[in-house]
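The values are calculated or read from the model by the stated rules, or taken from the named source; none is laboratory data. None of the values given here were measured: they were computed from a predicted structure. Virtual Cβ from ideal backbone geometry, glycine too; neighbours counted across all protein chains shown. Each accessible area value is taken on the protein alone, full model and side chains, heavy atoms only, with ligands, DNA and RNA left out. Shrake-Rupley method; radii C 1.70, N 1.55, O 1.52, S 1.80 Å.
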Amino acid sequence: MTPLPASQQLFDRARAVSPGGVNSPVRAFRAVGGTPIFMASGEGAWLTDVDGNRYVDLVGSWGPMLLGHAHPEVLAAVGAAVARGTSFGTPSEPEVLLAEEIVDRTSAEMVRMVSSGTEATMSAIRLARGFTGRDKIVKFAGCYHGHVDALLAEAGSGVVTLGLPETPGVPAHVTADTIVLPYNDRAAVEAAFAEYGDQIACLITEAAAGNMGVVPPEPGFNRFLSEVCARHGALFVSDEVMTGFRVTRSGHWGLDGQQEGWAPDLVTFGKVMGGGFPAAAFGGRKDVMEQLAPAGPVYQAGTLSGNPIATTAGLTTLRLADADAYARLDAASARLRTMVTEALAAEGVKHTLQNAGNMFSVFWGTDEPVTHFAAAQAQEAWRYKPFFHAMLDAGVYLPPSAFECWFVSAAHDEEALSRIGAALPGAARAAARATAQN
Ligand SMILES: *Cc1c(COP(=O)(O)O)cnc(C)c1O
């Protein structure tokens, strides 16, 4: 491993004042070993750490950086907005423009802005419960919807990376109304609704699972879910925090619902829509959204919700995310997927690479399709550790967990791809040589 003295020093100081030295568990290198790298700056597809090393970034701040880092037009718009004042606690124009942009692109008829994906899913669930007058919710094992108490049951992302069986601090009664089912399992969904249908407020699912690695919905699965919910008077909540404005201009709904003619009752967004700032939203059917205070009785609020800087960054990002940007992003992702598969195959590393649009991840030590959480967990995740470090040493920054999606941006050009191409053969060899003990 390359020595990283400045990162090491900052990490030592961070550990003294912050639990685990990080402000979000997925940033720690617990699953891959070593010191988390402190980044100092980013530009396009590249990150520079505090020791002066440059990396091609395949994390993209865990999704938001659709256009790459420090896009000049986003910076200019944010700079101009900052100069006008950073928060007013009143309505302001950028939040209206961003809401209009989201309503234009997606199935949502109305949206309410919040500051994180967690807040979006938490509020969507409260609204679904308020609207239906029911308590039970259905989620899928391996899907992550933020750290909402009721949704931490069998969650993906950092919960699976760290192998946490359950989270202390979530009382049993808080998850007692949460029904957890295997992803892509229609029979399990039918059975749960047959038994509890009249008590279920909503079913929430990632539009395509991206937090247990990438596990796309089987064809027609989301439509099936929306139909089952409709039949039982439950709301269908599509969590597009990761997929929204990333896999198409309309999110994952642009890959299924828009063509098939159905829409979720509620939908959540985050990540890309904040352009690197804390902005998120939930939205959906007008009759449901109008149950929210002050229009209706379901309470929901936020001091910084719709913040003018965050919404300006998000709006500028979405305006720049035109057909050309999505075409570049999709092409870079497709090239990269081929490069990864070829490099692993050349070293005889058994793997399954799965994608949902331009989001993808690798499952190690299997060549079967991975359709649900138990299969994702059964992978040889230990092969990822030496692969990750070999890529890092060669200047490619991957997510520090085998259970996370790889994020490409519209700024991943030839230079970025060729750096990755040069790093892959050595990393594939390291994965081939890996043993479960190392
Ligand atoms: C990231 C994510 C969230 C949580 O968003 P935060 O902004 O981290 O709170 C929720 N749902 C999905 C699908 C996500 O990927």
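So the values come out like this:
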| read-out | value |
| --- | --- |
| Gap separating the Cα centres of region 220-288 and region 332-398, nearest whole Å | 27 |
| Cα gyration tensor shape for region 73-112, rounded if a/c is under 1.5, else prolate or oblate | oblate |
| Amide H contacts of Cys202 (H built 1.01 Å from N, under 5 Å, at least 5 apart or other chain) | Val138, Leu235 |
| Other-chain or far-sequence residues with amide H under 5 Å of Thr178's (modelled H) | Ile137 |
| Ranking by accessible area, most exposed first, for Arg246, Arg13 with a 1.4 Å probe | Arg13, Arg246 |
| Low-density loop positions, GluC sites (Glu not before Pro), region 213-314 - DSSP coil, at most 16 other Cβ in 10 Å | Glu290 |
| With every protein chain in place, the chain: carbon and sulfur % of accessible area (1.4 Å) | 53 |
| Calculated FRET value between Ala334 and Thr366, using beta carbons and R₀ = 25 Å, to 0.05 | 0.70 |
| Three-way shape call for region 5-158 based on the alpha-carbon gyration tensor, with the a/c threshold at 1.5 | oblate |
| Heavy-atom SASA rank of Ile179, Ile204 (probe 1.4 Å, accessible area, largest first) | Ile179, Ile204 |
| Computed accessible area, Glu218, all protein chains, 1.4 angstrom probe, square angstrom | 80 |
| Accessible area of the chain divided out per residue, in Å², using a probe of 1.4 angstrom | 40 |
| Rounded, prolate or oblate (a/c below 1.5 giving rounded, otherwise prolate when a/b exceeds b/c) for region 124-216 by Cα gyration tensor | oblate |
| At least 20 Å along the helix axis (C-alpha) and Kyte average at least -1.0, DSSP helices within the chain | 117-132, 323-346, 414-433 |
| FRET efficiency estimate (nearest 0.05) - Cβ-Cβ, Arg15 to Ala301, R0 41 angstrom | 0.75 |
| Rounded to whole Hz, the Karplus (6.51, -1.76, 1.60) HN-Hα couplings of region 20-34, x for glycine and proline | x, x, 9, 9, 7, x, 5, 7, 6, 9, 4, 7, 10, x, x |
